[in-house]
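Below: the structure, in structure tokens.
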Amino acid sequence: MNHLTLHSMMRSFERKASTRSSAILRLGLVALVWSCFAKEMIIYRTFQQLDWFLIGTAYFIFSGMLFVGWRTKLANIGLALILNTMVLYLGVYHNHAPFRSHHANLLAMVITWLCFLPSGRSYSLDRLLSLRHAKREGKSPPKELGPVWGLKLLMAQVTILYFFTALDKSYLAYGERLEQVFQTAYFGSHLPWEGLRIVILIMAWTTVLLEYLLVIGLYIRRWHWWLMPMGVSLHILMYLLLPVGTFSLTMIFLYLAFFDPDSVHHYL
């Protein structure tokens, strides 16, 4: 049994599939990285501090290279190093709150996992250059194929995050905690309607149950048609009602990792 399991794992690592879903993840995640970090790293804000200026310059160079897909692997590794430096050095060491947030940490992690995907083989300048080279050499165009085991890292990131956020909320007073969040954001010290407590309590426990369900259900493809819309709806409500930054859009976008890459290829 152990031999079969190991053999199955090795086949999973060796499997080659379409790289289009990896490329779409690359494009979307870089756009979210710009949305999350760019306003803090523009020259107007960084030019007076050498360390910030150098990090900001590298951030824009590597993120631009990764978005257009030029020397994609180098750009991806460079951006991953820069983002983690921003989180740990600027965020933690220099106590810059926006870079210590959960959505900033999540983006730094998923860009790191993206390094293990061949995201430059589709929708990229690298792809255009390889097609031009093949045409010049009289060879057939290179296929948009590559090892996509890195998608499993993104999948694991999503489900681990859901599990621990659900676990963090799994206590009887969570409804009161969510009520306090809404009071602080919208109503002050008193709710305008007592029945709203029941609504918030239902929202709280529905969220916890759905997050636990997503931990398992995202791996069951026949559940995707009904479970993913529920997850997307949850994140849209979070985005509209609470100051979660890029977190909701990042999580929705990462659902793409759970689709079969070859199936994605046929539609995109």
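If only one of Gln157, Gln180 is at pLDDT 95 or above, polar (S, T, N, Q) and out of contact with any His (no Cβ under 8 Å at 6 or more places or on another chain), which one is it?
Gln157
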Looking at this structure, is Gly245 of a type in the set (Gly, Ala, Ser), surrounded by 11 or more Cβ atoms within 10 Å (Cβ to Cβ) and at pLDDT below 90? yes
So which helices (runs of 4 or more DSSP H) stay within the stretch 23-94 end to end and still have 3 or more residues that are surrounded by fewer than 16 Cβ atoms within 10 Å (Cβ to Cβ) and modelled with pLDDT of 95 or more? 50-68
Among the candidates Val208, Val215, which residue alone is open to solvent by less than 40 Å² (accessible area, probe 1.4 Å), assigned to a helix (DSSP H, G or I) and more than 19 Å from Leu154 (Cβ to Cβ)? Val208
Hits in the stretch 61-70 (condition: farther than 10 Å from Ile82 by Cα and not β-branched (Val, Ile, Thr)): Gly64, Met65, Leu66, Phe67, Gly69, Trp70
When you scan the stretch 226-235, do you find a residue that is outside any helix (DSSP H, G or I) and surrounded by fewer than 17 Cβ atoms within 10 Å (Cβ to Cβ), even just one? no
Number of the condition not met by Ala156 [criteria: (1) of a type in the set (Gly, Ala, Ser); (2) touching a Phe, Trp or Tyr at 6+ places or on another chain (Cβ under 9 Å); (3) closer than 28 Å to Ser22 by Cα; (4) surrounded by 13 or more Cβ atoms within 10 Å (Cβ to Cβ)]: (4)
Search the stretch 10-22 for residues being under 20 Å from the mean Cα position of the chain (by Cα), assigned to a helix (DSSP H, G or I) and small (Gly, Ala, Ser), and hand back the single one that is surrounded by the fewest Cβ atoms within 10 Å (Cβ to Cβ). Ser21
Specify which of the listed residues (Arg132, Arg127) is open to solvent by 20 Å² or more (accessible area, probe 1.4 Å), touching a residue at least 12 places away in the same chain (Cβ under 8 Å) and under 30 Å from Arg15 (Cα atoms). Arg127
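Tyr255: within 29 Å of Lys143 (Cβ to Cβ), more than 16 Å from the chain's Cα centre (by Cα) and at pLDDT 95 or above, yes or no? Reasoning before the result, please.
Numbers: within 29 Å of Lys143 (Cβ to Cβ): yes; more than 16 Å from the chain's Cα centre (by Cα): no; at pLDDT 95 or above: yes.
Answer is no for this residue.
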Which condition does Pro192 not pass, out of (1) part of a loop (DSSP other than H, G, I, E, B); (2) closer than 30 Å to Phe116 by Cβ, if it passes all the others? (2)
Select from the stretch 121-156 the residues that are touching a helix residue (DSSP H, G or I) at 6+ places or on another chain (Cβ under 8 Å) and among the acidic types (Asp, Glu) and list them in ascending order. Asp126, Glu144
Exactly one condition in (1) on the phi > 0 side of the Ramachandran plot; (2) assigned to a helix (DSSP H, G or I); (3) of a type outside the set (Asp, Glu) is false for Leu154; which is it? (1)
Before we move on, is Glu179 more than 22 Å from Thr250 (Cα to Cα), open to solvent by 40 Å² or more (accessible area, probe 1.4 Å) and out of contact with any strand residue (DSSP E or B) (no Cβ under 8 Å at 6 or more places or on another chain)? no
Return yes or no: is Arg121 in contact (Cβ under 8 Å) with a residue 12 or more places away in the chain, over 16 Å from the mean Cα position of the chain (by Cα) and open to solvent by 90 Å² or more (accessible area, probe 1.4 Å)? yes
Number of positions in the stretch 179-205 that are within 30 Å of Val158 (Cβ to Cβ) and in contact with an Asp or Glu (Cβ under 7 Å, 6 or more places away or on another chain): 1
Sole miss for Pro141 among (1) within 28 Å of Trp70 (Cα to Cα); (2) touching a Leu at 6+ places or on another chain (Cβ under 9 Å); (3) surrounded by 14 or more Cβ atoms within 10 Å (Cβ to Cβ) is condition (3)
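The values are calculated or read from the model by the stated rules, or taken from the named source; none is laboratory data. Values in this document were obtained by computation on a predicted structure and should not be read as measured data. We place every Cβ from the backbone using ideal geometry, glycine too, and count neighbours over all the protein chains shown. Each accessible area value is taken on the protein alone, full model and side chains, heavy atoms only, with ligands, DNA and RNA left out. Shrake-Rupley method; radii C 1.70, N 1.55, O 1.52, S 1.80 Å.
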